[in-house]
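Asker: What follows is a single structure, and I will ask about it in a moment.
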Amino acid sequence: MPTKKYQHIFFDLDHTLWDFETNARNTLFDLFELHQLNQKGIESFPLFFERYSYHNERLWERYTKGFIKQDELRWKRMWLSLLDFKIADEALSRQMAIDFLERLPLKKAVFPYTQEILQYLTAKNYHLHLITNGFEAVQQKKIHNANLDSFFQKLITSETSNSLKPNKEIFLYALQQTGASVENSIMIGDNLEADIMGAANVGIDTVFVNHIGVTPHIQATYTVQHLRQLEDIL
């Protein structure tokens, strides 16, 4: 077991602790019912969700590369999804975007052992922080409604840092805001590019949380398949 050289632990939120896929799917189902999309020509929710997932992934990639702004990401993923069913309704798309961001942070699903590992790390006197590319107000609501906010000292977002993972600037900003150093910090996340490569590029050790069992193409300092395994590292 490694000696305790870390003092500051930086977590990613979505897909690492907060179960984004489950929460987003449940929120989109709410919107499907609320806006009666089955009466507008969309046969079933699974069909709509498949198209939304397709467009959301591609728009997020464009957003993280700086090609589009937040607002365009938010409503265009709805617009393009509806357009696949020949529904060209910009007003509906924009309203669904508003409804999605209002309802999503109210969902509470987290990955197994999230509360337990955060309690374990807190009891061992680690300083816990979050680094996320998510939107500031949305992420604040998520951690509050999932009862995670008491564990974290700092929330570093792309908005407050004016940068995005994997860019070096957001990690350097996080170190500055927390008083941490490269040597006493470790980054824990599920995204090989944003979390693992991004942190490694500034010299921070990393833990790849491989919830879905992918074959990693980027080498992390440590890899776990379950949050409980962090106890073997920290």
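Asker: Can you give me the accessible area per residue for the chain, using a 1.4 Å probe, in Å²? Write out the running numbers ahead of the final one.
Answerer: Details: 11320 Å² over 234 residues.
Accessible area per residue: 48 Å².
Asker: Also: Given the rule -39500 (n - 2.57) for each run of at least 4 DSSP H residues, summed and divided by the residues of the chain, what is its mean residue ellipticity at 222 nm, to the nearest 500 deg cm²/dmol?
Answerer: Rounded to the nearest 500, it is -13000 deg cm²/dmol.
Asker: If ligands, DNA and RNA are left out, what is the accessible area of Phe67 with a 1.4 Å probe, given in Å² to the nearest 10?
Answerer: Around 130 Å² of this residue is reachable by solvent.
Asker: Helix 45-64 against the longest principal axis of the chain: what's the angle in degrees, Cα atoms only, rounded to the nearest 10?
Answerer: That works out to roughly 50 degrees.
Asker: Sticking with this structure for a sec: So how much slack lies between Leu101 and Tyr54, counting 0.36 nm per residue of separation and subtracting their Cα-Cα distance, in nm?
Answerer: Values: separation 47, 0.36 × 47 = 16.92 nm, distance 1.84 nm.
This chain segment gains 15.1 nm when fully extended.
Asker: Could I have the simple spin-label model distance between Lys86 and Tyr120, label points 7 Å from Cα toward Cβ, reported in nm to one decimal?
Answerer: 5.4
Asker: Name the residues whose placed amide hydrogens come within less than 5 Å of the amide hydrogen of Ile188, ignoring near sequence neighbours (fewer than 5 apart) on the same chain.
Answerer: Phe10, Phe11, Asp12, Val207
Asker: Which percent of the accessible area of the range 20-106 is formed by carbon and sulfur heavy atoms (probe 1.4 angstrom)? Display every interim value, and only then the final one.
Answerer: Details: 2370 of 4770 Å².
Looking at the range 20-106 in its full context, I get 50 percent from C and S.
Asker: Using a Cα-Cα cut-off of under 15 Å, which aspartates and glutamates could be cross-linked to Lys40, ignoring same-chain neighbours fewer than 8 residues away?
Answerer: Asp84, Asp89, Glu90
Asker: Any idea what angle helix 136-145 forms with the longest principal axis of the chain, computed on alpha-carbon atoms, 0 to 90 degrees, nearest 10?
Answerer: Helix 136-145 and the main axis of the chain meet at about 80 degrees.
Asker: Which lysines does Lys5 reach when only Cα atoms under 19 Å apart count, and residues fewer than 8 places away in its own chain are ignored?
Answerer: Reachable lysines: Lys124.
Asker: Suppose the chain between Glu21 and Gln140 were pulled fully straight at 0.36 nm per residue; how much longer would it get relative to their current alpha carbon spacing? Kindly include the intermediate steps, with their values, before the conclusion.
Answerer: Working: separation 119, 0.36 × 119 = 42.84 nm, distance 1.80 nm.
Fully extending the segment from Glu21 to Gln140 adds 41.0 nm.
Asker: Follow-up. Which sequence of His144, His8 reflects their accessible areas, 1.4 Å probe, from the largest down?
Answerer: Values: His144 110, His8 15 Å².
Descending accessible area places them as His144, His8.
Asker: Roughly how tilted is helix 90-103, in degrees to the nearest 10 and between 0 and 90, from the longest Cα axis of the chain?
Answerer: Around 40 degrees separate the two axes.
Asker: Assign one of three labels to the range 93-163, namely rounded, prolate or oblate, based on the Cα gyration tensor with a ≥ b ≥ c the square roots of its eigenvalues; rounded applies when a/c is under 1.5, prolate when it is not and a/b is larger than b/c, and oblate otherwise. Write down the numbers at each step before the final one.
Answerer: Working: a/c = 3.26, a/b = 1.59, b/c = 2.06.
Cα axes put the range 93-163 in the oblate bin.
Asker: Just one of (1) 12.4; (2) 13.9; (3) 11.5 is mean projected area of the Cα convex hull in nm² calculated from these coordinates, so which is it?
Answerer: Among (1) 12.4; (2) 13.9; (3) 11.5, the one calculated here is (1).
Asker: Roughly how large, in nm² to one decimal, is the mean projection of the convex hull of the alpha-carbon atoms in the range 24-142?
Answerer: 8.5
The values are calculated or read from the model by the stated rules, or taken from the named source; none is laboratory data. Bear in mind the structure is a predicted one, so any value in this text is a computation, not a measurement. Quick reminder, even Gly has a Cβ in these numbers, built from the backbone with ideal geometry, and neighbours come from all protein chains shown. SASA here: full protein model, heavy atoms, side chains in, ligands and nucleic acids out. Shrake-Rupley method; radii C 1.70, N 1.55, O 1.52, S 1.80 Å.
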